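One structure below.
Derivation of every value follows stated rules applied to the coordinates shown; laboratory data play no part. What you see is a predicted model, and the numbers here were worked out from it, not measured in a lab. Methodologically, a virtual Cβ is constructed for each residue, glycine included, from the backbone with ideal geometry; neighbour enumeration extends over all protein chains shown.
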Amino acid sequence: MSTQTAPLPPGGAPAAVVGKLSTLDRFLPVWIIAAMVLGLVLGALIPGLNMALEAVKIGEVSLPIAVGLLVMMYPVLAKVRYDQTHRVMADRKLMAASLALNWLLAPAFMFALAWIFLPDLPEYRTGLIIVGLARCIAMVMIWNDLACGDREAAAVLVFINSVFQVLAFGALGWFYLQLLPSWLGLPTTSADFSFWAITASVLIFLGIPLLAGFLTRTVGEKARGRDWYENTFLPRLGPWALYGLLFTIVLLFALQGETITARPLDVARIALPLLVYFLVVFGAGMLTGKWLGLGYARTTTLAFSAAGNNFELAIAVAIGTFGVTSGQALAGVVGPLIEVPVLVALVYVALWVQKRFFAPAPLSA
């Protein structure tokens, strides 16, 4: 995603993308790591910051963090060409692959990793399983855009994940925490998942920016035309997505900094299966898209939508069910600690893969 230049078409040459990135985009990994460190420092140095951040909430999410998430999502969704989403829905191979990776393979893989790496730590194990069930509906738009994926495909896959999340999260939680372990002769976990809490999370953090993005493009193009909208308006709006991302990361790590720094060995044990998960699922998505002949843009979208997780929802469910100081909540917090830098690195991996294994896509308006 180039925030200071005109948007490039999905699948554009990686060299062109990197060359046109603004300073903010080019050093994104540096800014993200700095935001994490700043959040940890603020959480350690400012007494009562956690209480202040948690004073007002939207559902189970701190209001300042909720604002950051909305600011992060809106510019990305304003970029989507909504009049082209019907072409994505017609791609049955993409739809089938996304559903299989997101709702069959990825949760099952996280379940296996949680039991392999954390057999003696049931709270962290449960937290990881919850993370695996929370499919990405937010930051995938950022990573997809940076890697020149298909924006319209990303929007459609996010919408599908959102619907499945509302309908299936509770049932899948019961299956992976109670039913499947009992079948395998393993200890079970009892947990109640609030259907309405999950519904509210999806409607707020996806529905509001999605509606705003759709209305912005519709009104903007009708008033000034597509050329003005994409070459003048979007470059001015674009940087706010990364501002929102960095702001959210600072607050998130300030909120949970004490917990993270007090248990470094536990964090390391949680981090290892997460690292394996992100790398393997992303690789599976890229290989699946290549095998199905989806092309670079949609293959990249498929891979990031499968590898990313909705850690906001995972944290909210863990806190709401087990408490803010629970091991389940800590596992949820470690999620973005690993996910953010790993998926940023995978953006560059995707651009490298495009250059070597995919035919260049023709540039078009």
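Just a few scattered comments:
- In this structure, the pairs whose alpha-carbon distance is over 25 Å, taken from 290/355; 57/222; 93/355, are 57/222.
- Inter-part distance, the range 215-281 to the range 293-347, computed on C-alpha centroids, equals 11 Å.
- Distance between the pseudo-spin-label points of residue 228 and residue 279 (7 Å out from Cα toward the beta carbon): 5.0 nm.
- With a Förster radius of 45 Å applied to the beta-carbon distance between residue 52 and residue 359, the computed FRET efficiency rounds to 0.30.
- Prolate/oblate/rounded call for the range 46-177, Cα gyration tensor, a/c under 1.5 rounded: oblate
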